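K.L.:
Quick one: structure below, then a few questions.
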Amino acid sequence: MKLKLHVWRQNGPNDKGRMEVYDAPDVSPDQSFLEMLDDVNLVLARQGKDVIAFDHDCREGICGMCSQVINGVPHGGQERTTVCQLHMREFKDGDEIFIEPWKARAFPVIKDLVVDRGGLEKIMQAGGYTSCHTGGVADGNALPIGKDIADYSMDAAECIGCGACVAACPNSSAMLYTSAKVAQLAVLPQGKVEAHRRVMAMTEAATEHGFGNCSNHYECQASCPKGIDVKFIAKLNREYMKALIP
Amino acid sequence: MQLTQSSVGRKIIMAVTGIVLVAFVCVHLLGNSSLFFGADAINAYAQKLHSLGPFVWVFRLVMLAAFAIHIVFGIQLTLENRAATPEANVQVKRLRTGFGAETMIISGLVLLAFVVYHLLHFTVRVTNPEIYVPLGSSGMVDVYVMMVKGFQSVLPVIIYLVGMAFLFLHVSHGFQSLFQTLGLSNDKSLPVMGTTSKLVGFVLLVGYISIPLLIVAGLFKI
Ligand code: HEM
Ligand code: SF4
Ligand code: FES
């Protein structure tokens, strides 16, 4: 099929940036979205033109690198799907597709569709860990943890840190990401010890690194490729209130 | 101070002051509906409130504080959120949020303007001198006459209709939002609360606008 792409081009954080139009003349429905872009770039490279810069790594939906707003929705709006797992069969011949980077003050554009998502790392560094020596692999059920709790923690731990929640949020808030990290540890014995300090430090780091405040729009959950639930934000709020009480 | 400076702390303050405001608009509507029981009922209700003496002032101060705090933090948080989002994408498609949620600051500021007008109209009583007539020799204003005459002209009626439309918008997002902010929701309750929130907003809307509309319809005679 034949597609027309409107792609955001920007030469670094201080460039103003603009949309440019490219043709994708021969797209197979079996291609992934990134493979389609690879083909467009191949043509650009052969013509000696500047290729479209975009982030990617695993291309199997687990690393969280691919970060594109497609037709106004981070990751393109297919439920629980990253850009790399989005396939061209979702589009039809003659479609015009708008491809843009994550937009947030906390995510400066490095080039074209590549943004610096280091702010998420700063939130993680502020408290997304437990300060204990884990030693070797523990015996199976040495530390009994109920299945419901293990499941709850695993659901939160599904977050791959892609930042779509920030890009989707009208306030550029990182609350869904932060809440997933807080919740995943807060329910486990290893994480409970530092739960108070963690929720304070991580929410503070989010503000410090330029992310907005949560207004409960729930846009984050709608575009999260891992379906992280906003119930974890309610959990974060509970953890925060517990931490306020000395 | 964590509570007054942090992101989550200030949201909690928004939610708690939001509860005070929502509770007020509900109780206020119940009080106003004594109009439906006639002139004596609404005047007796007004008299009862005034007879509370100093408590009236304690109550007013609490309301004023909640309102002021809600407004100050509401504006502050909104400004920070705008600053965090420099320029939108060329294409923006929202999947889940709604008009009410995206216009909280606008509906909030309209409500502020409405409350100022409402207080001048019915509490300080300066906008329409012809509607404030004494109730017998009690030294009080006849609240029944004030309400009925107050909605004889077009402007106040329109202002109240518009004000209440914005109350609907604000509460239809705000009510469920405060439960989430206070950590009182989960994946099962959230969709239910979303519907409940719109319902609460709708009941407030219908309840409040029924008063001017029924007066305009000529249901209440002086
Ligand atoms: C009758 C008057 C009002 C009622 C009943 C009311 C109620 C509420 C409620 C319940 C919330 C949700 C709190 C939460 O998310 O936890 C809220 C949020 C909000 N209110 Fe009001 N409010 C009123 C007046 C105002 C006024 C006058 C303003 C003016 C600035 C305002 C601005 C806001 C804003 C901006 C938010 C969203 C805050 C955020 O999402 O971060 N409100 N309101
Ligand atoms: S919560 Fe979802 S959208 Fe946000 S960073 Fe994690 S995986 Fe991405
Ligand atoms: S490239 Fe790894 S998740 Fe898309």
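K.L.:
Would you mind telling me which numbered condition in (1) within 10 Å of ligand 3 (Cβ to nearest atom); (2) surrounded by fewer than 16 Cβ atoms within 10 Å (Cβ to Cβ) residue A:63 fails?
P.N.:
(2)
K.L.:
Looking only at the stretch B:78-99, decide whether some residue is over 22 Å from residue A:167 (Cβ atoms) and not charged (D, E, K, R).
P.N.:
No, the stretch B:78-99 has no match at all.
K.L.:
Follow-up question, since we're still on this one. Being away from ligand 3 (no atom under 16 Å from the Cβ) and of a type in the set (Phe, Trp, Tyr) is true for just one of A:177, A:218. Which residue is that? Outline the logic, then answer.
P.N.:
On the way: A:177 fails: away from ligand 3 (no atom under 16 Å from the Cβ).
Of A:177, A:218, the one residue that is away from ligand 3 (no atom under 16 Å from the Cβ) and of a type in the set (Phe, Trp, Tyr) is A:218.
One line per residue, one yes/no per condition, for (1) within 7 Å of chain A (Cβ to nearest Cβ); (2) under 15 Å from the mean Cα position of the chain (by Cα); (3) more than 24 Å from residue B:180 (Cβ to Cβ); (4) at pLDDT 95 or above:
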residue	(1), (2), (3), (4)
B:14	no, yes, no, yes
B:32	no, yes, yes, yes
B:49	no, no, yes, no
B:54	no, no, yes, no
B:58	no, no, yes, yes
B:63	no, yes, yes, yes
B:94	yes, no, no, yes
B:111	no, yes, no, yes
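K.L.:
Another question about this same structure. Can you tell me which residue is farthest from residue B:28 (Cα to Cα) among those in the stretch B:53-70 that are part of a helix (DSSP H, G or I) and open to solvent by less than 40 Å² (accessible area, probe 1.4 Å)?
P.N.:
Filtering the stretch B:53-70 for residues that are part of a helix (DSSP H, G or I) and open to solvent by less than 40 Å² (accessible area, probe 1.4 Å), the one farthest from residue B:28 (Cα to Cα) comes out as B:70.
K.L.:
Also: Does the stretch A:71-130 hold any residues that are among the hydroxyl-bearing types (Ser, Thr, Tyr) and either more than 14 Å from chain B (Cβ to nearest Cβ) or open to solvent by less than 10 Å² (accessible area, probe 1.4 Å) (or both), and which are they?
P.N.:
Across the stretch A:71-130, the qualifying residues are A:82, A:129, A:130.
K.L.:
Given the structure, is residue A:148 farther than 30 Å from residue A:21 by Cα, within 14 Å of chain B (Cβ to nearest Cβ), more than 16 Å from the chain's Cα centre (by Cα) and modelled with pLDDT of 95 or more?
P.N.:
Yes.
K.L.:
Checking the condition within 27 Å of residue B:88 (Cβ to Cβ), small (Gly, Ala, Ser) and within 16 Å of ligand 1 (Cβ to nearest atom), which residue from A:161, A:212 passes?
P.N.:
Testing whether each residue is within 27 Å of residue B:88 (Cβ to Cβ), small (Gly, Ala, Ser) and within 16 Å of ligand 1 (Cβ to nearest atom) leaves just A:212.
K.L.:
Would you check if there is a residue in the stretch A:27-37 being buried (at least 19 other Cβ atoms within 10 Å of the Cβ), of a type in the set (Gly, Ala, Ser), under 14 Å from the mean Cα position of the chain (by Cα) and within 12 Å of ligand 3 (Cβ to nearest atom)?
P.N.:
No.
K.L.:
Could you please give the count of residues in the stretch A:157-173 that are in a helix (DSSP H, G or I) and within 10 Å of chain B (Cβ to nearest Cβ)?
P.N.:
So the count comes out to 3.
The values are calculated or read from the model by the stated rules, or taken from the named source; none is laboratory data. Nothing here was measured: the structure is a model prediction, and the numbers come from that model. Counting neighbours? That spans all protein chains shown, and the Cβs are built from the backbone with ideal geometry, glycine included. All accessible areas refer to the heavy atoms of the entire protein, side chains included, with ligands and DNA or RNA removed. Shrake-Rupley method; radii C 1.70, N 1.55, O 1.52, S 1.80 Å.
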